[in-house]
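Peer 1: Let me begin by handing over the structure; questions about it come next.
What follows is calculated from the coordinates using simple rules that are stated; it is not laboratory data. Quick caveat, the model's predicted, so the values are computed rather than measured. Here Cβ is always computed from backbone atoms with ideal geometry, including for glycine, and neighbour counts include all displayed protein chains.
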Amino acid sequence: MTSLLPQGLLFFERGWLSSNSILLDDGDSTVLMDSGYVTHSNLLLSLLSSHLQLRSLTHLVNTHLHSDHCGGNNAVQTHYPAVQTLIPYGQFDYVRHWDTDLLSYEDTGQLCPRFNADAPLRPGDVYVWSGFEWEVHAAPGHDHDALLFFNPEHRILISADALWGNGFGIVFPEVLGGHGFAEVGATLKVIEELNPRLVLPGHGPIIHDVTESLARAYSKLNYFVQSPLIHASHAAKVLLKFKLLELQSVALSDFKAWVIRTPLLVRIHQSFFKTTLIQEWCCELIEGLTNKKVANISDGFIYNK
């Protein structure tokens with residue numbers, strides 16, 4: 001099915017610890033969109049080197065700045081020192097000054113080595129990269145600064161975490177004390193109006209039946225709107241699973257200690273589940289992972305499955 005992509009556009013579907021990556025290449029300029037998680041940096045560089053050979057990378061573009069989309073930026077910039085990095089304008093100054101209070105990595109207990117940014121991306125901008133024209137659209141909801149990229153010629157949308165085949169990413173503003181569900185709905189409406197032929201999501205395979213995926217996303221959104229506690233619990237479990245994907249195995253006591261000291265998880269607990277002791281809530285989250293068979297516990301260790 002990837003043959004439906006035009007020549008010069010390559011889609012790298014990656015494991016769930018890393019976002020997918022997209023490479024644009026017209027034989028002259030080359031553009032990488034999203035770099036994945038830091039622990040997968042060597043794999044990304046291998047993919048790039050295999051394709052580019054001795055050529056350099058012209059631009060590195062981030063759809064948004066969650067660690068699974070930009071954690072490989074530092075490695076890419078080190079390997080390709082001339083690369084120009086473009087990031088969403090809303091966090092441009094945070095990155096330039098590396099403001100750890102305003103970036104999400106310490107809050108989520110995730111890793112993201114410091115990287116540089118050369119220019120901001122803004123909704124309404126139009127870029128021509130490697131022969132492809134891309135319209136930039138705002139995609140608030142999952143992340144208020146996230147962006148969509150739409151190629152009108154081939155009707156291809158790069159959706160990042162605004163639309164997956166089975167829904168969308170955690171609505172982080174909703175668990176950070178703000179609002180995001182309405183923004184998710186507005187972003188899905190933008191995608192519907194753009195009417196893409198294909199969607200290249202941040203996770204999972206290329207979306208060919210966009211109408212069906214949008215219907216699933218709207219259904220999931222309605223469910224979360226009606227059940228914000230379920231969304232909050234889902235968000236917490238996703239953060240735990242992400243850490244397990246990174247560590248693969250860890251002493252159960254250390255994992256529980258990580259949960260209890262991770263600022264975003266503490267905030268979710270205080271905002272939604274404070275009637276339960278955080279230690280008990282932590283055990284409930286871990287039990288949820290083992291019940292779904294995405295983790296198992298043995299001899300005092302918890303393992304990713």
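Peer 1: Roughly speaking, what % of Cα-Cα pairs in the range 231-304 are separated by over 22 Å, rounded to a whole number?
Peer 2: When every Cα pair of the range 231-304 is considered, 14 percent fall beyond 22 Å.
Peer 1: Turning to a different aspect of this structure: Ranking ASP209, ASP26 by Cβ neighbours within 10 Å, fewest first, what do you get?
Peer 2: Starting with the residue having the fewest Cβ neighbours, the order is ASP209, ASP26.
Peer 1: If you don't mind, there's one more thing I want to ask. Using unit Cβ charges (K, R positive; D, E negative) and no other charged atoms, how large, in debye to the nearest 20, is the dipole of the range 2-226 about its Cα centre?
Peer 2: Dipole of the range 2-226, to the nearest 20 debye: 360 debye.
Peer 1: Can you show me the helix-derived [θ] at 222 nm for the chain, built from DSSP H runs with n ≥ 4 at -39,500 (n - 2.57) apiece and divided by the number of residues, rounded to the nearest 500. Numbers along the way, then the final one.
Peer 2: Values: 12 runs with 122 residues, N = 305.
Counting only the DSSP helices, I get -12000 deg cm²/dmol.
Peer 1: Can you tell me which of 295-301, 148-154, 221-227 comes out highest on packing, and rank the rest after it, using the mean Cβ neighbours within 10 Å?
Peer 2: 148-154, 221-227, 295-301
Peer 1: In debye, nearest 20: dipole of the range 231-304 around its Cα centre with unit charges on the Cβ of K, R (+) and D, E (-)?
Peer 2: Dipole size: approximately 240 debye.
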